Amino acid sequence: MRRRLARATLVVIVTGATACSAPRVTPPPSRPAGGGQVTVASWYGDSFDGRRTASGERFDANEFTAAHRSLPIGTRARVTNLANGRSVVVRINDRGPFVRGRAIDVSYGAARALGMQGCGTGRVHVEVLEAAPGRGGSSEGRRRTRHRRSTSSLRHRSAPPAARLVE
């Protein structure tokens with residue numbers, strides 16, 4: 001009985017450890033002429049649930065939303081997991097990820113549909129379906145203005161007396 005339990009435990013551990021790294025046999029999706037972006041995606045969930053996003057709305061971990069550093073807020077994009085061919089359409093409503101090598105953070109709901117919630121990250125193809133109208137969201141303009149004000153006040157400060165003496 002103990003041997004069976006030990007063997008079953010070993011199988012679960014080995015399967016769980018290799019599940020994220022095991023290659024899956026599916027061809028990568030065909031790339032449209034417009035291109036897209038192949039990158040590493042990660043997901044975020046419960047710890048951010050209910051917090052405000054860059055768009056001003058509250059984050060819901062079960063919705064199909066994503067954070068991207070440069071796509072305009074409100075853009076709809078298809079994210080395809082290259083390991084298994086699954087894809088979802090997400091709406092960009094936040095900024096991030098702020099980790100080198102990653103270009104998109106998807107919500108937990110989108111990660112679950114993509115089959116990457118156990119691994120945490122996965123190689124994906126991101127294709128813009130519908131660009132957001134306007135300049136990309138209500139809070140972006142305020143953020144840029146705030147940033148400009150803070151840096152412009154630094155530029156107009158006078159230099160210390162010792163620095164002014166040098167010609």
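Here, each number is a calculation from the coordinates, and none is a lab measurement. Note that this is a predicted model, so its numbers are computed, not measured. Cβ placement follows ideal geometry from the backbone for every residue including glycine, while neighbour counts extend to all protein chains displayed.
Quick one: which residues, 5 or more positions from Thr75 or on another chain, have an amide H under 5 Å from its amide H? H modelled 1.01 Å from N in the peptide plane, none for Pro or chain starts.
Ile92, Ala132
Arg69's amide H: which non-local residues (gap 5+, or another chain) put their own amide H closer than 5 Å, with H modeled 1.01 Å from N in plane and none for Pro or chain starts?
Gly96
With both bridge residues required to lie in the stretch 36-145, what share of the DSSP beta bridges run antiparallel, to the nearest 5%?
Within the stretch 36-145, antiparallel bridges account for around 70 percent of the total.
May I ask for the net charge around Phe98, where only other residues with Cβ less than 13 Å from the Cβ of Phe98 are counted and Lys, Arg are +1 while Asp, Glu are -1?
Residues close to Phe98 contribute a combined charge of +2.
Taking the Cα-to-Cβ direction at Val38 and at Cys119 and moving 7 Å from each Cα, how far apart do the two end points lie in nm?
Distance between label points: 1.4 nm.
Looking only at the stretch 32-61, which residues have a backbone nitrogen under 18 Å from a spot 7 Å from the Cα of Leu129 in the C-beta direction?
The answer is 32-38.
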